[in-house]
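Here is the structure we will look at.
Values in this text are rule-based calculations from the coordinates and carry no lab data. Fair warning: this is a prediction, and the values are worked out from it, not measured in the lab. Glycine gets a Cβ as well: all are built from the backbone with ideal geometry, and neighbour counts include every protein chain shown.
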Amino acid sequence: MIILIKNKYSPTSVQIDGNVCFIQFDNDEKKMIFLSLKKERNSKHCFIYGESHTVYADAEFHLFALEVVNYIAKNIGCKFYVDDATGYLEHGSKEKLEQYIENCDLQPVVSDDLLRKSIIEHQNRPLDINEILSRENERNVVVDAYEFFMRQSKWEIDDRFHKTVRNFLYCVFYDGFIENGGISVFLVDNGGLMANSVANALRNIGAIESERILRKCFKLFPNSVIPEDEAERQKLLRIIEDDLAPLDIAAYNTDTYSFCYRYLMKNKEYFLM
């Protein structure tokens, strides 16, 4: 609310459609932010998904939406992947942002239904690994490459992929948990079954500090073995949660993402299909 007051935007309409919350500002249907709680694939855990088609509005509202993301991130203590098609996060120029919006060839927004349709289209967008790996900057390369391969395998990491690809997938999978919950969340569910594979993958991509922190967690379990049984694993996690907490923080403050990107770029030939 501090952000809303500071920017003099008023949330004039809040609608719930299924699991999506549509927040409209200033009675302007072009100024909307969408928030939803989504379940992680193959997991009992959830995450916040947010989207705003700010290019339909103006530069000021675009900057406002970015501030909202930053505000939420600071207050719930996690990081976000931000898909800023305008390029503002890279150049930081309001003048270039306004030029992008002015020249962007989009159909005008005529209803909330059009925005909802756009969200669905984005979630089902086609991904081309050749296009992803040919991008001139780092933005979303790791995330889109990960999604491309996980779609192929119905969101399972298995032997159908070359070991190089599996290393990448394991590490991005792990990094997603670290960004949005920490090692304790990673270990409590399916991550606990692949923890050793992830640790080996972290070493293979060169993320040695990330591997060191994860393996340090293993030592908190009896005989350094993470139980395969989920109920037993959760019970032990509750017992060691105080010792695990500082490792959660250490992992959160360790950069794994950039190692994933460099590994992907260095080994492109294994990812091209």
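Points worth noting:
- Pairs exceeding 30 Å between alpha-carbon atoms, taken from K96/K268; K94/K268; K38/K96; K96/K266; K163/K219; K30/K94: K96/K268; K94/K268; K38/K96; K96/K266.
- Kirkwood-Stokes translational diffusion coefficient of segment 129-271, alpha-carbon pairs, 4 °C, 1.567 mPa s, µm²/s: 83
- Sequence-distant aspartates and glutamates (8 or more away, or on other chains) whose Cα lies within less than 16 Å of K154: E40, D144
- Using the Cβ-Cβ distance between L272 and E90 with R0 = 30 Å, the FRET efficiency computed as 1/(1 + (r/R0)^6) comes to roughly 0.75.
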